[in-house]
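Please read through the structure below; I'll follow up with questions.
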Amino acid sequence: MREKLRLDQGQIDRGRKAAARIAADVNRELEKKTTVAVERTVLRLLGIDGVDTEGVPLPNVVVDHLLEQGRLSAGAASWVVNAALHENITPQQVAERVAAGSLSLTEIPQVEWASLLREGERLAAQGLERIAANRREREEQIRRLGEGRKPYLYVIVATGDIYEDIIQGKSAARQGADIVAVIRSTGQSLIDYVPYGATREGFGGTYATQENFRLMRQGLDEVGEEVGRYIRLCNYCSGLCMPEIAAMGAMERLDVMLNDALYGILFRDINMQRTLIDQAFSRLINGYAGIMINTGEDNYLTTADAVEAAHTVLASQFINEQFALLAGLPPEQMGLGHAFEINPELEDGFLLELAQAQLSRQIFPEAPLKYMPPTKHMTGNIFKGHVQDAMFNLVSILTGQGVQLLGMMTEAMHTPHIHDRKLAIENAQYIFNNARHLGEEIQFVSGGRVEARAREVLDRAVGMLEEVERIGLFTALERGMLADVKRSPTGGKGLSGVLEKDENYYNPLEAELKRRVGLDPREEGSVHGRGLPTR
Amino acid sequence: MAVDFQRVKPYGDTLGDGAVQLSFSLPVPCGEEARQAARQLAAQMGLEEPQVYHMDDLGEGYTFFIVYGTCTHTVDFTSIRVPKVDDGGRMNYEAINRFIRERIGRKLVVIGACTGTDAHTVGIDAIMNMKGYDGEYGLERYPEIEAYNLGSQVPNEEMLAEAIERDADALLVSQVVTQKGVHIDNLTRLVELTEAEGLRNRLILVCGGPRINHEMALELGFDAGFGPGSLAPDVASFLVRELERRMSNDTSKAPD
């Protein structure tokens, strides 16, 4: 099939190459480091869960214990697996004893290194088997029940109470939603632990906890059986606990995760090293779990002008794509983001939206693009808002987007009410059905407005990427080249949780995951026989 | 036909017809009983002849309604008084800068933030960022204003510390998330802190957000509140006039 827009393939290749170098440079730099969140994630995947008597999650207790003794840089797994072998107990029991104060991990005699490696590998495989089983279960349910057609209808629930969320989510599924996302409580991204258990109190959303994941999954499975369609569950793999959320989502069979390489840096002022290290491990897990990630390029347009800053969205998509590939996450799982945010008063604004959506479609042909609805120019005039959402839906079906985050007429007013969602779904279903194959009938005028706009955005994105490549991503972030926000490599939240790895750093999960997704694991052999750090 | 401003009713196409549209959901299963329930509820709201024009099953035992009716209530428009921000007339970008140069004689220091747990910077960014919003530059662009946007999730204590360090004239607080009244506690807390530090009279406190209005801001102890649609010149016009007013009462902040 002929492409709808004639784009310069040479320019696309240049953009991709620049983004690949940007990502590779960052990766090379950060491979030498780990974070407290990565180490807690390793512990979770080794089977450690639960909280101590003060409600502190056990993965935090163990990691803090090692941090206090200055021994975390060897990798939490090396100490925990050593203790488990020496005491002949499970990692969970190790964590419980650390919490009770009856075990000091660094004072236990070290077992033979080879047997530690064997045990680490066994425990890692065991942890990952649960995730693999979830992936098989998802595939099996989709085979048996079927699923919605793309663009998937994606809606949000955000009551703060997981039990209320379940009602709203099930209702949305009955109305036709394909993906239900549970918005997190405001502020969760900046807390350095994951709350525990079912929660009924949140602000602007519901805490992401493993138990909440499980409850919502169960609810959506139930309604999926009844409506005869697999209903996907989405949450937010971002903030200071990004990789832990990835692991918990993988263990509870979430299907979609918001997961952006740069979002936390730019919009939550999380330290850039911290976020980039965390995102790499998160994406490794998401990739293996068959979880689709959604990136957050729409945020670039929340304050910047959508016409002027369109190229920053494309540039970020290129960068997110490359970071995802480096983490072994395949294109079919890359829900690269963009948004319908052009001022509705602008003449021919719809043409520009169309150009951007089609441009993304052609540049990332295998990615299930995630398309975000109008938010900035929603006004409280719900009637006009409903029409704006209709225009957004029309662009989506015309350009073959993958995930349609449904616009709510009450955007900018309140978190969606039960019927807001119903009306939004009706709107999308009507337009998707009524214009299902319109895209196949359309070829844009050669050199016309839409094509010229797409080329302009591509050229500007490539220019920006090559500039970032030249100075490096860290410097680009320092200069405020992305989203007009200036961030320094040693500023922001969470830097104290970034550590240089010891030369004999041990992370059996990372090695096993890389092996399973077909990435070269780091030279694990080089640490064989070296043993734990001398003490 | 003259409108009776002491007894104003909703208007559809005939004066006094009371035409009202509303939509809502009830936690009852869809059916004729549900329709009747919606009608009864509308009647209790003061709507005569309520008509359910649309009813839809939302699943899980919930039903959606679109209802029309004629309102029996009236309001006395002549007795309504609404406090408004006294900005002495909105000035534009040039006029504001000129006002500061000529009548204040030094730069204005303004600190803005989304405080508490609020992570939504869209409001404060629209007022403060260089580019501004909707064709109006933000405060950062004003040559006569030193503007510091602290971003999101800033604790009240941190904002106040920043205010002391920079000897600020005004604090702008944006609150977008208002679920369960979280913004009220947070805004009140800032006022209490400034009072505890003995700074309340030295600072102009302004809040803004989609569910903020001037009346509420005054009740909470702020000097002004700006609702949706407010732009940088609205806020700046108020700030410069308020500062000038305070300077004429107190000479401690006047230029040397």
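Residue check: is A:K370 within 17 Å of A:D298 (Cα to Cα), within 14 Å of chain B (Cβ to nearest Cβ) and either open to solvent by 40 Å² or more (accessible area, probe 1.4 Å) or charged (D, E, K, R) (or both)?
No: the conditions fail for A:K370.
I've got another one for you. Considering segment A:75-95 alone, what residues qualify as being polar (S, T, N, Q) and either under 25 Å from A:E54 (Cα atoms) or more than 31 Å from the chain's Cα centre (by Cα) (or both)?
Passing the criteria: A:N82, A:N88, A:T90, A:Q92, A:Q93.
Now for a different question. Please go through segment B:223-239 and pick out each residue that is farther than 11 Å from B:I204 by Cα and open to solvent by 10 Å² or more (accessible area, probe 1.4 Å).
Result: B:F226, B:G227, B:P228, B:G229, B:S230, B:L231, B:D234.
For residues in segment A:366-415 being outside any helix (DSSP H, G or I) and free of Cβ contacts under 8 Å to residues at least 12 places away in the same chain, which is farthest from B:C30 (Cα to Cα)?
A:N381
Among the listed residues B:G123, B:G116, identify the single one that is more than 9 Å from every other protein chain (Cβ to nearest Cβ) and not hydrophobic (A, V, I, L, M, F, W, C).
Answer to the selection: B:G123.
Would you mention how many residues in segment B:96-113 are assigned to a helix (DSSP H, G or I) and open to solvent by less than 20 Å² (accessible area, probe 1.4 Å)?
Number satisfying all stated conditions: 5.
Could I ask something else about it? Does A:F323 meet the test of being more than 14 Å from every other protein chain (Cβ to nearest Cβ) and part of a helix (DSSP H, G or I)?
The answer is yes for A:F323.
Now a separate question. Residues to consider are A:V61, A:V98; find the one that is over 30 Å from the mean Cα position of the chain (by Cα) and either open to solvent by 10 Å² or more (accessible area, probe 1.4 Å) or more than 22 Å from A:S282 (Cα to Cα) (or both).
Unique residue meeting the criteria: A:V98.
Follow-up. Specify which of the listed residues (A:R130, A:R118) is surrounded by fewer than 20 Cβ atoms within 10 Å (Cβ to Cβ), assigned to a helix (DSSP H, G or I) and under 31 Å from the mean Cα position of the chain (by Cα).
A:R130
Output yes when any residue across segment B:124-140 is within 22 Å of B:G209 (Cα to Cα), of a type in the set (V, I, T) and outside any helix (DSSP H, G or I), and no when none is.
no
Right, next: Quick one: in segment A:376-399, of everything that is of a type outside the set (A, V, I, L, M) and open to solvent by 40 Å² or more (accessible area, probe 1.4 Å), which residue is farthest from the other protein chains (Cβ to nearest Cβ)?
Step by step, filter segment A:376-399, then rank; the result is A:K384.
Just give me the residues in segment B:217-229 being closer than 12 Å to B:V85 by Cβ and part of a helix (DSSP H, G or I), in sequence order.
Scanning segment B:217-229 gives B:A217, B:L218.
Kindly provide the set of residues from segment B:9-41 that are open to solvent by less than 60 Å² (accessible area, probe 1.4 Å), closer than 24 Å to B:F77 by Cα and of a type outside the set (V, I, T), ordered by number.
If the condition is that a residue be open to solvent by less than 60 Å² (accessible area, probe 1.4 Å), closer than 24 Å to B:F77 by Cα and of a type outside the set (V, I, T), then B:P10, B:G12, B:G16, B:D17, B:G18, B:A19, B:L22 are the ones that fit.
Now, a different point. Where in segment A:140-251 are there strands (runs of 3 or more DSSP E), lying wholly inside it, with at least 3 residues that are within 11 Å of chain B (Cβ to nearest Cβ), in contact with a helix residue (DSSP H, G or I) (Cβ under 8 Å, 6 or more places away or on another chain) and farther than 24 Å from A:L43 by Cα?
Of the strands (runs of 3 or more DSSP E) lying wholly inside segment A:140-251, none has at least 3 residues that are within 11 Å of chain B (Cβ to nearest Cβ), in contact with a helix residue (DSSP H, G or I) (Cβ under 8 Å, 6 or more places away or on another chain) and farther than 24 Å from A:L43 by Cα.
Tell me which residues, restricted to segment B:52-62, are open to solvent by 10 Å² or more (accessible area, probe 1.4 Å), facing chain A (nearest Cβ under 7 Å) and touching a residue at least 24 places away in the same chain (Cβ under 8 Å).
B:D56, B:Y62
Any idea which of (1) surrounded by fewer than 17 Cβ atoms within 10 Å (Cβ to Cβ); (2) more than 14 Å from chain A (Cβ to nearest Cβ) is the one B:T194 doesn't satisfy?
For B:T194, the exception is condition (1).
From the list A:A261, A:A310, A:A289, which one is within 16 Å of the chain's Cα centre (by Cα) and at pLDDT 95 or above?
None of the other options fit; the residue is A:A289.
Do we have B:F65 as in contact with a strand residue (DSSP E or B) (Cβ under 6 Å, 6 or more places away or on another chain), within 14 Å of chain A (Cβ to nearest Cβ) and either modelled with pLDDT of 95 or more or under 25 Å from B:G227 (Cβ atoms) (or both) here?
yes
Here are A:L103, A:L85: which of them is in contact (Cβ under 8 Å) with a residue 12 or more places away in the chain and in a helix (DSSP H, G or I)?
Working: A:L103 fails: in a helix (DSSP H, G or I).
Only one candidate qualifies: A:L85.
Right, next: Evaluate segment A:416-433: report whether one residue or more is farther than 27 Å from A:T379 by Cα, more than 14 Å from chain B (Cβ to nearest Cβ), over 28 Å from the mean Cα position of the chain (by Cα) and without any contact (Cβ under 8 Å) to a residue 40 or more places away in the chain.
yes
Shifting gears a bit: Kindly establish whether A:D269 is farther than 25 Å from A:D13 by Cβ and surrounded by fewer than 24 Cβ atoms within 10 Å (Cβ to Cβ).
Considered against the rule, which asks whether it is farther than 25 Å from A:D13 by Cβ and surrounded by fewer than 24 Cβ atoms within 10 Å (Cβ to Cβ), A:D269 comes out as yes.
Still on this structure, I have one more. Residues of segment B:114-145 being among the hydroxyl-bearing types (S, T, Y), surrounded by 22 or more Cβ atoms within 10 Å (Cβ to Cβ) and touching an Asp or Glu at 6+ places or on another chain (Cβ under 9 Å), which ones?
Correct list: B:T115 only.
Right, B:T178: within 14 Å of chain A (Cβ to nearest Cβ) and either in contact (Cβ under 8 Å) with a residue 12 or more places away in the chain or surrounded by 14 or more Cβ atoms within 10 Å (Cβ to Cβ) (or both) or not?
Yes, satisfied.
If I go through segment A:346-364 residue by residue, how many of them are part of a loop (DSSP other than H, G, I, E, B), touching a residue at least 24 places away in the same chain (Cβ under 8 Å) and open to solvent by 40 Å² or more (accessible area, probe 1.4 Å)?
Residues meeting the conditions: 2.
Let me ask another. For segment B:146-171, give me each residue that is outside any strand (DSSP E or B), more than 14 Å from chain A (Cβ to nearest Cβ) and open to solvent by 60 Å² or more (accessible area, probe 1.4 Å).
Of everything in segment B:146-171, those that are outside any strand (DSSP E or B), more than 14 Å from chain A (Cβ to nearest Cβ) and open to solvent by 60 Å² or more (accessible area, probe 1.4 Å) turn out to be B:E157, B:I164, B:E165, B:R166, B:D167.
Specify the residue that is modelled with the lowest pLDDT; the eligible residues are those in segment A:457-486 that are open to solvent by 50 Å² or more (accessible area, probe 1.4 Å) and part of a loop (DSSP other than H, G, I, E, B).
A:D484
The values are calculated or read from the model by the stated rules, or taken from the named source; none is laboratory data. Being a predicted model, the structure only gives us computed values, none of them experimental. So basically every Cβ, Gly included, is an ideal-geometry build from the backbone, and we count neighbours across all protein chains shown. For accessibility, only protein heavy atoms count, side chains too; no ligands or nucleic acids. Shrake-Rupley method; radii C 1.70, N 1.55, O 1.52, S 1.80 Å.
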